[in-house]
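Q: Okay, here's the structure, questions in a sec.
The values are calculated or read from the model by the stated rules, or taken from the named source; none is laboratory data. Keep in mind that what you see is a predicted model, and the values were worked out from it rather than measured. Virtual Cβ from ideal backbone geometry, glycine too; neighbours counted across all protein chains shown.
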Amino acid sequence: MGRQGRVRVIYAAEERPRPLYARVLKLRQLNPSGTLCFVFFEGAIVMGLLLALAELVSWWAMLVLPAAVAVMVKANDVVASVVVRGAALVPEQEQERFRRELDPPLNRSEQSRVATRRARRTGRHHYA
């Protein structure tokens, strides 16, 4: 059976399946790439192996280090979830004031473009 039986699946950026590492940890807010998941998991294993070979730690550290990294990644995701929930409770007027304080000083044409983008994104039009 040649190339006729093969089906090639091309995903859009939003539709790509999440890496196994992110699915196993059930990450909600963080969306690590495949490369980052590789560094988190396999990199921690290699680091534990190198430390064990250098006799700086016991051999069990090769197993504990990836678990410790996974716990830290999950804790980061939990903190991000709490921050997102907390930000949703802030009134819109306070959010707009906060955005204005963080935005660098822009010229008038740039300010109007930013306001137009925000209006399109939120569905609300604000005229100054």
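Q: Could you please tell me which pairs satisfy a Cβ distance under 8 Å, a separation of 6+ or placement on different chains, a first residue in segment 18-39 that is of a type in the set (S, T, Y), and a second residue that is at pLDDT 90 or above and in a loop (DSSP other than H, G, I, E, B)?
A: Here the result reads Y21/P32; S33/P19, each pair linking segment 18-39 to a residue that is at pLDDT 90 or above and in a loop (DSSP other than H, G, I, E, B).
Q: Please state which of the following conditions R8 fails to meet, knowing it meets all the rest: (1) at pLDDT below 90; (2) in contact with a helix residue (DSSP H, G or I) (Cβ under 8 Å, 6 or more places away or on another chain).
A: (2)
Q: Does any residue in segment 57-72 that is touching a residue at least 40 places away in the same chain (Cβ under 8 Å) and of a type outside the set (D, E) come within less than 7 Å, Cβ to Cβ, of a residue that is in a helix (DSSP H, G or I) and surrounded by 15 or more Cβ atoms within 10 Å (Cβ to Cβ) six or more places away or on a different chain, and which pairs are these?
A: A70/L25
Q: List the number of the failed condition for K26; all other conditions in (1) basic (K, R); (2) modelled with pLDDT of 60 or more; (3) on the phi < 0 side of the Ramachandran plot hold.
A: (3)
Q: Is it true that L36 is out of contact with any Leu (no Cβ under 8 Å at 6 or more places or on another chain), within 22 Å of S81 (Cβ to Cβ) and surrounded by fewer than 16 Cβ atoms within 10 Å (Cβ to Cβ)?
A: Taking the combined requirement at face value, the residue does not satisfy it.
Q: Show me the helices (runs of 4 or more DSSP H) entirely contained within segment 41-128 in which 1 or more residues are at pLDDT 95 or above and within 28 Å of N31 (Cβ to Cβ).
A: On the way: elements: 61-88, 92-102, 108-122.
Correct list: 61-88.
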